[in-house]
Amino acid sequence: IWDLRRILGWIRSHGPTRIGVHGISLGGSTAALLANYDADLDCVIAGIPAIRIDELFRHHTKKEHQPSDDFWERLGRLQSVISPLSQPSAVDRERLFIYAGVVDRLVPAKLPNDLWNHWGEPEMLWYHGSHVTSTMDTSVKSFIDRAFIATQLATRSH
């Protein structure tokens, strides 16, 4: 986040007055975390956000290989410092957007839902696709266009 904030500072020092961020998967989590620290972002789009690494690991670990509940609790505490859920977003809800796939087998629906609740239920799209099809899905492309238009980063759809 420190690096991203330095990059944003450099970009802002070279003229752009409006900046939005869009991340997918771990990038969606990073975009969501950046929203906690930069109130001047005009638009934040968290695509299929993998916001809790401990939950991802737990979800994908076979039942017979599950460590103790204590292990998951400690892992959750450790990763909380990089969780977008650790504090409120500095960006207003009207500039926050989330999308997720209804058949995503990598990021369970609980994670984007947790972010949606944490952010105060901003605009969200559930598209009919998987984790890897988001960039090809026309509803996702339209959703991103609408987010850019709503936050005045664009004036019309492409």
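The values are calculated or read from the model by the stated rules, or taken from the named source; none is laboratory data. Worth saying up front: this structure is predicted, and the values here are computed from it rather than measured. Cβ coordinates were reconstructed from backbone atoms using ideal geometry, including for glycine residues, and neighbour counts include every protein chain displayed. Side chains included, ligands, DNA and RNA excluded: accessible areas come from the protein's heavy atoms. Shrake-Rupley method; radii C 1.70, N 1.55, O 1.52, S 1.80 Å.
Just a few scattered comments:
- Taken as entire DSSP H runs, the helices of the chain never both span 30 Å or more between Cα atoms along their own long axis and average 1.0 or more on the Kyte-Doolittle scale.
- Across region 1-72, the convex hull enclosing all Cα atoms gives 91 Å³ per residue.
- Heavy atoms of I98 accessible to a 1.4 Å probe, total area in Å² rounded to 10: 0
- Dividing the convex hull volume of the alpha-carbon atoms in region 79-157 by its residue count gives 99 Å³ per residue.
- Electrostatic bookkeeping for S130 treats Lys and Arg as +1 and Asp and Glu as -1; over the other residues with beta carbon under 13 Å from its beta carbon, the sum is -1.
- For the chain, the alpha carbon positions stretch 53, 34, 24 Å along the principal axes, listed from largest to smallest.
- Cβ-based net charge around A109, under 13 Å, with every Lys or Arg adding one and every Asp or Glu removing one: 0
- Take D70: with every protein chain present and a 1.4 Å probe, its accessible area is about 80 Å².
- A dipole drawn for the chain from +1 and -1 charges on Cβ atoms has a positive end, and of A150, V81, T61 the residue lying farthest that way is A150.
- Heavy atoms of L34: accessible area, 1.4 Å probe, square angstrom to 10: 10
- Annotation for region 50-158: trypsin sites (Lys or Arg not before Pro) lying in DSSP loop with at most 15 further Cβ atoms inside 10 Å of their Cβ are K62, R105, R156.
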